[in-house]
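Heads up: the structure comes next, in structure tokens.
The values are calculated or read from the model by the stated rules, or taken from the named source; none is laboratory data. Only a predicted model underlies this, so the values are computations on that prediction, with no experimental measurement involved. Methodologically, a virtual Cβ is constructed for each residue, glycine included, from the backbone with ideal geometry; neighbour enumeration extends over all protein chains shown.
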Amino acid sequence: MEADQVELTTDNPTLAVLKDLVEAMKAGQDIEDLHTPLVQLTSNSDERAKLVRALILTQDYSRLTNYLIIRDRLEQLMLGHALEGTLSAAEGLSFLRTVREEISKIESSVIEGASSGADITTLLNKVNTAARVQEDVLAKKIKGSPQNRELVRKLIYRLTKMTRTPMAKSSIKS
């Protein structure tokens, strides 16, 4: 290491793996030791991105509602002050312009997100690698044809899903 270079370290596991990968590539070293963390960090990146976008979209729904409430209150305030003759045009219109711009941005995001057609259950199942691995391990323990193992895997999935979802009272029979 040159005297003017500083050795940077990080507690971030993603950056640590990236740093090790780049150093191994620069040195022409084998990267087999990085295979497991690389797969763990990069698997299903499209599904992960879709899940994060879905969460951001959900947050945007809340933001849109908040801005609509603010706009309504501001409009009522402006109307009240306009009727009383105490409204400063610069005060009300400046903030109203900002709120309208935000609403426009959020509405576009919501419309785009609503038309993406992403099925959240499918996304969660794809991203939840731990559950998939567990299902695969249990299915492999079952002896028999691949069709029988697939039936068992589907049954395990349904049972797992049922235990995570509260049952409706009407479906419980005494």
Give me the residue from the range 83-123 that is modelled with pLDDT of 70 or more and not in a helix (DSSP H, G or I) and, out of that set, surrounded by the fewest Cβ atoms within 10 Å (Cβ to Cβ).
Thr86
Please indicate, with yes or no, whether at least one residue in the range 63-76 is out of contact with any strand residue (DSSP E or B) (no Cβ under 8 Å at 6 or more places or on another chain), touching a residue at least 40 places away in the same chain (Cβ under 8 Å) and at negative phi.
yes
Conditions (1) in contact with a helix residue (DSSP H, G or I) (Cβ under 8 Å, 6 or more places away or on another chain); (2) farther than 30 Å from Lys105 by Cα -> Thr36 fails only (1)
Looking only at the range 138-148, count every residue that is in a helix (DSSP H, G or I) and either among the aromatic types (Phe, Trp, Tyr) or modelled with pLDDT under 70 (or both) and tell me the total.
4
Got a sec? Which of Thr14, Thr42, Thr58, Thr10 is modelled with pLDDT of 90 or more, out of contact with any Cys (no Cβ under 7 Å at 6 or more places or on another chain) and not aliphatic (A, V, I, L, M)?
Thr14
Counting only residues that are surrounded by 13 or more Cβ atoms within 10 Å (Cβ to Cβ) and within 11 Å of Ile103 (Cα to Cα), the range 49-65 contains a total of 4
